[in-house]
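What follows is calculated from the coordinates using simple rules that are stated; it is not laboratory data. In this text the structure is predicted, and so the values were computed from the model without any measurement. Cβ sites come from the backbone with ideal geometry, for glycine too, and all protein chains shown count toward neighbours.
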Amino acid sequence: MSEIPRTTPNAQSPKVAIVYGSPSDAQTMSKAGATLERFSVPYEQVSVSAHRSPRTLAGYVGELATRGIAVVIAGAGLAAALPGAVAALTTLPVIGVPISGGALDGMDALLAIVQMPPGVPVATVGLNNSTNAAVLATQILALNDPDLQALLAAFKDDFEKAAAAGLAEALTPGQ
Ligand code: C2R
């Protein structure tokens, strides 16, 4: 089994693994990494395909928990087996990101990821929404981390402040 090229942008001890089916998914999935960096959550990312390299995937996923990974974010397009295959191979929570493109423009990936059989869940976010996958991963980690809880509260407060500022602007246009 070959070793997968793995990048660890912000830590020696990653807590989240971002996995995607092809290097062509990297740009869509980059928002997950950027969001985790915002919360200072250490992560690693790898491109590995369930369809094209199943034995390599099984070897990689089998070691995630013992390496200290707590949550997996898995993104794929087309007939997206990858998130479900990861969920089949680990008891860690798996968050799926369906990626648009191809003849069905992501509907195929969305249904493949969200319609998992009972007992093997993949928490599925919207098409291409790797940002939400990272926020959800952070919320899972925050269950045992008060500092992360505070960062998430501030993150949500920012939406409220932006909404209030937008409302004030709408009520006093041009001022
Ligand atoms: P290429 O650009 O490499 O041909 O991949 C990838 O996620 C990508 O969106 C095209 C698309 O195929 C998807 N892919 C899967 C899997 N492996 C690759 N859905 C898998 O194992 O599920």
With the 8 Å Cα cutoff and a minimum separation of six or more residues, the stretch 1-124 has a relative contact order in percent of 24
Can you pull the Rg over Rh of the stretch 16-144, Cα-only, Kirkwood? 0.93
Could you work out the local net charge near LEU78, counting Lys and Arg as +1, Asp and Glu as -1, over the other residues with Cβ closer than 15 Å to its Cβ? -2
Relative to the longest principal axis of the chain, what angle (0 to 90°, nearest 10) does the C-alpha long axis of helix 146-171 take? 50
By the Cα gyration tensor axes a ≥ b ≥ c (a/c under 1.5 gives rounded; else a/b larger than b/c gives prolate, otherwise oblate), the shape of the stretch 59-105 is prolate
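Helix-only mean residue ellipticity at 222 nm, the chain, DSSP H runs n ≥ 4 weighted -39,500 (n - 2.57), per residue, nearest 500. What is it?
-14000 deg cm²/dmol
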³J(HN,Hα) computed for each position of the stretch 51-61 - Karplus, 6.51 cos²θ - 1.76 cosθ + 1.60, integer Hz, glycine/proline x: 6, 8, 9, x, 6, 5, 4, 4, x, 5, 5
Rounded to the angstrom and largest first, Cα extents along the principal axes for the stretch 73-146 equal 45, 25, 15
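If you place +1 on the Cβ of every Lys and Arg and -1 on the Cβ of every Asp and Glu, how big does the dipole about the Cα centre of the stretch 16-144 come out, in debye to the nearest 20?
Its charge dipole is roughly 140 debye.
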Reach of LYS15 by Cα under 25 Å, taken over lysines that are not fewer than 8 positions away in the same chain: LYS31, LYS156
Under the rule that an exposed site lies in a DSSP loop and has at most 16 other Cβ atoms within 10 Å, name the longest stretch of the chain with no GluC sites (Glu not before Pro) of that kind, not counting the sites themselves. 64-175
Determine ³J(HN,Hα), in whole Hz, for all residues of the stretch 117-127 in sequence, where each value follows from phi through the Karplus function 6.51 cos²θ - 1.76 cosθ + 1.60 and θ = phi - 60°; x replaces Gly and Pro. x, x, x, 10, x, 10, 6, 9, 9, x, 3
Charge context of SER130, other residues only, Cβ under 12 angstrom, K/R +1, D/E -1: 0
Please list, in chain and number order, the residues 5+ apart from GLY77 or on another chain whose amide H is under 5 Å from its amide H, with Hs placed from the backbone. GLY21, ILE99
